[in-house]
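Worksheet: one structure, shown below.
The values are calculated or read from the model by the stated rules, or taken from the named source; none is laboratory data. Since we're looking at a predicted model, the values are computed, not measured. Cβ atoms come from the backbone with ideal geometry, glycine included; neighbour counts cover every protein chain shown. In case anyone asks, the SASA skips ligands and DNA or RNA and just uses the protein heavy atoms, side chains included. Shrake-Rupley method; radii C 1.70, N 1.55, O 1.52, S 1.80 Å.
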Amino acid sequence: MASNTTNQAADAGEPEQQTEPESALETARRQLERAAIHLDLNANVIERLKHPMKVQRVSIPLEHDDGHVEVFTGYRAQHDSVRGPFKGGMRYHPAVTEDECIGLSMWMTWKCAVMDLPFGGAKGGIVINPKSLSDGEKERLTRRFAQELRDVIGPMHDIPAPDMGTDARAMSWFMDAYSMLEGETTPGVVTGKPPVIGGSYGREDAPGRSVAIIAREACDYYGYPLEETTVAVQGFGSVGANAAHLLDEWGAAVVAVSDVNGAAYDPSGLEIDSIPTHEEEPEAVTKYADETISNEELVELAVDMLIPAAVGNVLTEDNAGDVRADIIVEGANGPTTFAADAIFEERNVPVIPDILANAGGVTVSYFEWLQDINRRAWQLERVNEELEREMLTAWEAVREEVNTREISWRDAAYVVALSRLAKAHEARGLWP
Ligand code: NAD
């Protein structure tokens, strides 16, 4: 899925680095139409799903540290809530647009539906460069944004989460502002908070963990014993490092991992624990490596499995023909362009899509929300056990469609999502 955004996310995360001129909204609508071809669906339902239910546009006046006031624009797009409250990230980025928020909110609808979570899709953001702000400015901006959105969000209505340019700290401010306005502590209004105020253990690691679980199932499905499987992982951040560590722990040979500077490579398997993660020492993957290769070489390595887990649009029509991995599992959002997808399909290289593989993030966000509304914290073991169960259930549902319809993993994931959404819309009907 190609889109026009630039870096990372939380619940959903979205594609980055533009190489093909397709917006998030175009991508989301195209996926809807593609999936609809495989299903005998009521056209009225498809028509409804092409549009967001609501888009809130707000002006956010920010008093800078030097006393001058600047007004920024913020959005919250709410796509569909037929299966439950809206859910999706909030990003602070200069490239945020209304259309992008709408497209990404649709994407969240499909992601929640494929995971069978009782949520619909939303996405929001402020058109701003967060790097230009002091901590105090960020806090004032976030609190005012929460106040401006107060009427359209809430634990039973719309639950934001961190995304590009926002983090657990921003979620704490957001939750505090909302709680002060409501007159009661309301942790369930956002997810991705620190555990001390209702965040969930395991939330940070969840997207990488889900990628590893799906990679393991894909190996099993295609008859690759994990102990004999070689894996290359692009990106050694939250998603890539967690996935690489788990696959290494489960017996796979992780032969290459990379960051923005290049890749550490060892054809007999790297010692993953000795490589500093992004958190431990940013962008230091190649610093201690005996042998290094480029990111371009990494994606073309002759490995059993390739996990692009860095940024979007890295597998394009220019390199898809040269990728020698037998299986691709998307850790990042939108790493495979539309044209590359077609090439992989033609070459019979399975691509397990992002909306399934990295959905551990939004799934543990759902667990966080459950803990918050029930006022009961879960131990890490329970979070990981339930995540494993949810991932396997979603995997089975998608695998079933791959087998019975003989379609790609991506199309199958969208078919699963869309059929659930369509059934829910038909059951509820159109009122009045
Ligand atoms: P991160 O910032 O923690 O790590 C990104 C990693 O990719 C770093 O190692 C960085 O050096 C590397 N990188 C950056 N640009 C690169 C490039 N051009 N080539 C190669 N490597 C590059 O990010 P993350 O949270 O791990 O997110 C990675 C991807 O996963 C993004 O697409 C994001 O949207 C998606 N995602 C993240 C989450 C989440 O909760 N963290 C959830 C779902 C999806």
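For the residues 251, 121, 223, a GNM of the chain with alpha-carbon springs under 10 Å puts the largest fluctuation on 223.
Heavy-atom surface analysis with a 1.4 Å probe gives the stretch 253-314 a carbon and sulfur content of 44 percent of its accessible area.
Taking every protein chain into account, the accessible area of the stretch 206-357 amounts to 38 square angstrom per residue (probe 1.4 Å).
Of the beta bridges in the stretch 24-189, as assigned by DSSP with both residues counted there, near 60 percent are antiparallel. Rounded to the nearest Hz, the phi-derived 3J(HN,Hα) couplings of the stretch 261-277 under the Karplus curve 6.51 cos²θ - 1.76 cosθ + 1.60 (θ = phi - 60°) are 7, x, 10, 8, 9, 8, x, 9, x, 7, 8, 4, 4, 8, 9, x, 6, where x marks glycine and proline. Where is the GNM fluctuation largest for the chain (alpha-carbon springs, 10 angstrom cutoff): 238, 59, 365? So, out of 238, 59, 365, the one fluctuating most is 59. Dipole of the stretch 24-189 computed with +1 at Lys/Arg Cβ and -1 at Asp/Glu Cβ about the Cα centre; of 186, 156, 142, farthest Cα towards the positive end is 156. Using 0.36 nm per residue and subtracting the Cα-Cα separation, the extra length available between residue 73 and residue 428 on full extension is 124.3 nm. For the chain, set up a GNM with springs between Cα atoms under 10 Å and report which of 278, 245, 68 has the largest fluctuation. The residue that fluctuates most here is 68.
With 24 Å as the limit, the listed pairs 138/193; 50/138; 131/287; 50/193; 193/287; 138/287 have 50/138; 131/287; 50/193; 193/287; 138/287 beyond it between alpha carbons. When the charge dipole of the stretch 24-189 is built from unit charges on Cβ atoms (+1 for Lys and Arg, -1 for Asp and Glu) and taken about the Cα centre, the candidate among 56, 71, 27 whose Cα reaches farthest toward its positive end is 27.
As a fraction of the 1.4 Å probe accessible area of the stretch 24-189, surface on carbon and sulfur atoms comes out at 46 percent. Computed per residue of the chain from DSSP H runs no shorter than four, each worth -39500 (n - 2.57), the mean residue ellipticity at 222 nm is -13000 deg cm²/dmol. Extending 7 Å from Cα along the Cβ direction at residue 30 and again at residue 404 yields two label points whose distance is 2.8 nm. Reducing the stretch 174-232 and the stretch 360-432 to their Cα centroids gives an inter-centroid distance of 14 Å. Computed about the Cα centre, the dipole magnitude for the chain is approximately 2120 debye when only Lys and Arg (+1) and Asp and Glu (-1) carry charge, each at its Cβ.
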